[in-house]
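The values are calculated or read from the model by the stated rules, or taken from the named source; none is laboratory data. The model shown is predicted, which means the values in this text are computed figures rather than measured ones. All Cβ positions, glycine included, derive from the backbone under ideal geometry; neighbour counts span all protein chains shown.
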C-alpha cells in the first residue's frame with residue numbers, strides 16, 4: 001500500500017464528466033446518462049480493502065441517504081486489479097456493500113478505463129459534478145484521513161454537495177483526498 005493523493009492532471013473544474021458503462025453489484029449496467037436528471041452527481045473511486053475507504057463508508061452512505069431525495073446521484077467505482085487483490089472481487093463488493101449498508105450503485109471497472117479517464121489515483125477519490133455534469137469539486141471528504149468522519153474538523157465534500165445542489169458555485173477550498181493507490185494491472 002502506498003499513500004497517494006488525488007491528481008489534478010486529467011480533470012479540472014468545469015471539465016465534463018467522462019462517460020462509462022459498468023456492471024453494478026445490483027445486476028444492472030450503469031452509465032453516465034442514468035444520472036442526467038440529477039442536480040449533482042458524485043463519483044467515488046473506492047474499494048473494499050482500503051484502510052482509508054473503510055472509515056469513510058458510513059459518511060458516504062449518510063451523504064447518499066441525506067441528499068439523494070434532494071437531487072444527488074451517486075456511485076462508487078472499484079477499479080482495482082481483483083486478480084492481485086481478491087478482497088476487491090465482485091462477490092466481495094456485494095458482501096461489503098451489504099455489511100456497510102451501501103444503497104448507491106457500486107460498480108466494477110475491470111478495464112480500469114474509468115479511473116484513467118477521470119484521473120483517479122487513490123481510494124477514496126471523490127469527483128462531484130453539477131447538473132450540467134461538469135466537475136464542481138474534486139477533493140477530500142474531510143480532514144480525518146484514515147479516520148472516521150466523527151474525528152474530522154472539516155466537512156468539505158458535504159459542503160460542496162450542498163452548494164452544488166443549491167445551484168451555486170463550489171467555494172470550498174480544494175485539498176486532495178489521500179488514500180491507497182489504485183491497484184493498476
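What single numbered condition from (1) surrounded by fewer than 19 Cβ atoms within 10 Å (Cβ to Cβ); (2) assigned to a helix (DSSP H, G or I); (3) over 16 Å from the mean Cα position of the chain (by Cα) fails to hold for residue 158? So residue 158 meets the others, but not (3). Is segment 40-54 home to any residue that is surrounded by fewer than 21 Cβ atoms within 10 Å (Cβ to Cβ), at pLDDT 95 or above, closer than 21 Å to residue 157 by Cβ and within 14 Å of the chain's Cα centre (by Cα)? Taking every residue of segment 40-54 in turn, at least one turns out to be surrounded by fewer than 21 Cβ atoms within 10 Å (Cβ to Cβ), at pLDDT 95 or above, closer than 21 Å to residue 157 by Cβ and within 14 Å of the chain's Cα centre (by Cα).
For segment 84-103, taking the residues that are in contact (Cβ under 8 Å) with a residue 40 or more places away in the chain and outside any helix (DSSP H, G or I), the one that is nearest to residue 69 (Cα to Cα) is identified as 103.
Residues that are under 22 Å from residue 15 (Cβ atoms) and in a loop (DSSP other than H, G, I, E, B) within segment 106-123 comprise 109, 111, 112, 119, 120, 121, listed in sequence order. For segment 14-35, a residue qualifies if it is over 23 Å from residue 80 (Cα atoms) and either modelled with pLDDT under 95 or part of a helix (DSSP H, G or I) (or both), and the qualifying residues are 33, 34, 35.
Going through segment 133-154 one residue at a time, which ones are within 24 Å of residue 35 (Cα to Cα) and crowded, with 17+ Cβ neighbours inside 10 Å?
Selection gives 133, 135, 136, 137, 138, 139, 140, 141.
Of the residues contained in segment 82-103, none is found to be under 17 Å from residue 185 (Cα atoms) and under 11 Å from the mean Cα position of the chain (by Cα).
Mind listing just one residue for me: the one in segment 128-150 that is within 15 Å of residue 56 (Cα to Cα) and outside any loop (DSSP other than H, G, I, E, B) and, of those, nearest to the chain's Cα centre (by Cα)? Only one residue tops the list, namely 149.
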